[in-house]
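Structure record follows, encoded as structure tokens.
The values are calculated or read from the model by the stated rules, or taken from the named source; none is laboratory data. For clarity, every value in this text was computed on a predicted model and none was experimentally measured. Because the Cβ atoms are built from the backbone with ideal geometry, glycine has one as well, and the counts that use them run over all protein chains shown. Protein only, heavy atoms only, side chains kept; ligands, DNA and RNA dropped before computing areas. Shrake-Rupley method; radii C 1.70, N 1.55, O 1.52, S 1.80 Å.
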Amino acid sequence: MVDTTITRWPDDAIADEYTLFQIVNYHLKPSRVQQFVQSVKRIHDAIVQEDYPLYYAFVSPVVGESGPSMTIVVPASSWSGFEDPDQPLDEMMVEFYGPEEAASIFAEFGDCYTAVDSRVLRLRPELSVFPEPGS
């Protein structure tokens with residue numbers, strides 16, 4: 001299930017250019033799920049207000065995981081699209097919140113999970129089936 005309150009996805013015109021998707025799965029501590037979401041919301045708020053050049057969707061599984069988890073999906077049109085923008089995220093956060101508050105947000109975020117796994121998926125249109133427009 002996509003959490004639209006912490007998602008920043010490109011409009012359709014740009015989204016059609018994306019063929020690579022980085023999938024990062026955070027295995028959450030059961031007692032820290034709400035803390036994780038709150039930390040992500042604070043990071044998301046800074047990204048949106050600063051118009052930071054990053055698109056993503058946060059997804060929670062409905063079934064199938066061995067414990068609580070949350071996944072971020074980051075699209076890119078090429079491998080270079082996964083490189084950091086000119087200003088890294090942590091620097092933007094320090095400018096937006098100040099050094100102490102930014103450090104606190106990142107510390108709270110880092111305390112929420114036990115493991116992280118990551119992979120990149122590639123869209124292959126020649127092997128894909130797409131819905132008819134309007135369906």
Self-check item: Contacts under 6 angstrom Cβ, first residue in the stretch 55-67 being within 20 Å of Gln38 (Cβ to Cβ), partner open to solvent by 70 Å² or more (accessible area, probe 1.4 Å), 6 or more apart
Solution: Ala57/Val2; Ala57/Trp9; Val59/Val2; Ser60/Met1
Exercise. Of all residues in the stretch 3-12, count the ones that are closer than 13 Å to Ile72 by Cα, exposed (fewer than 12 other Cβ atoms within 10 Å of the Cβ) and not polar (S, T, N, Q).
Key: 0
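Do you know which residues across the stretch 13-52 are part of a loop (DSSP other than H, G, I, E, B) and open to solvent by 40 Å² or more (accessible area, probe 1.4 Å)?
Going through the stretch 13-52, the residues part of a loop (DSSP other than H, G, I, E, B) turn out to be 16-19, 29, 50-52.
Within the stretch 13-52, Asp16, Glu17, Thr19, Lys29, Glu50, Asp51 meet the criteria.
Is it true that some residue in the stretch 81-101 is of a type outside the set (Lys, Arg) and in contact with a Ser or Thr (Cβ under 7 Å, 6 or more places away or on another chain)? Give the derivation first.
Initial filter on the stretch 81-101 (of a type outside the set (Lys, Arg)): 81-101.
Filter once more, keeping what is in contact with a Ser or Thr (Cβ under 7 Å, 6 or more places away or on another chain): none.
So far as the stretch 81-101 goes, no, none of its residues is of a type outside the set (Lys, Arg) and in contact with a Ser or Thr (Cβ under 7 Å, 6 or more places away or on another chain).
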Exercise. Working only within the stretch 1-47, note down all residues that are without any contact (Cβ under 8 Å) to a residue 60 or more places away in the chain, of a type in the set (A, V, I, L, M) and out of contact with any strand residue (DSSP E or B) (no Cβ under 6 Å at 6 or more places or on another chain).
Key: Ala13, Ile14, Val37, Ala46, Ile47
Quiz item: What pairs come up if the first residue lies in the stretch 95-107 and is farther than 14 Å from Lys41 by Cβ, the second is part of a helix (DSSP H, G or I), and their beta carbons are under 6 Å apart, counting only those six or more places apart or on different chains?
Solution: Ala102/Met93; Ala102/Val94
Quiz item: Within the bounds of the stretch 81-101, is there any residue that is assigned to a strand (DSSP E or B) and surrounded by 14 or more Cβ atoms within 10 Å (Cβ to Cβ)?
Solution: no
Practice problem: Test each condition in (1) of a type in the set (A, V, I, L, M, F, W, C); (2) under 21 Å from Pro85 (Cα atoms); (3) part of a loop (DSSP other than H, G, I, E, B); (4) over 10 Å from the mean Cα position of the chain (by Cα) for Val62 and report the one that comes out false. | Solution: (2)
Quiz item: Among the residues of the stretch 102-117, which ones are within 19 Å of Val74 (Cβ to Cβ), of a type outside the set (D, E, K, R) and either surrounded by fewer than 12 Cβ atoms within 10 Å (Cβ to Cβ) or in contact with a His (Cβ under 8 Å, 6 or more places away or on another chain) (or both)?
Solution: Gly110, Tyr113, Ala115, Val116
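When you look at Ser77, is it open to solvent by 60 Å² or more (accessible area, probe 1.4 Å), polar (S, T, N, Q) and farther than 21 Å from Met1 by Cβ, yes or no? I'd like the intermediate steps shown before the answer.
On the way: open to solvent by 60 Å² or more (accessible area, probe 1.4 Å): yes; polar (S, T, N, Q): yes; farther than 21 Å from Met1 by Cβ: yes.
So Ser77 passes the test.
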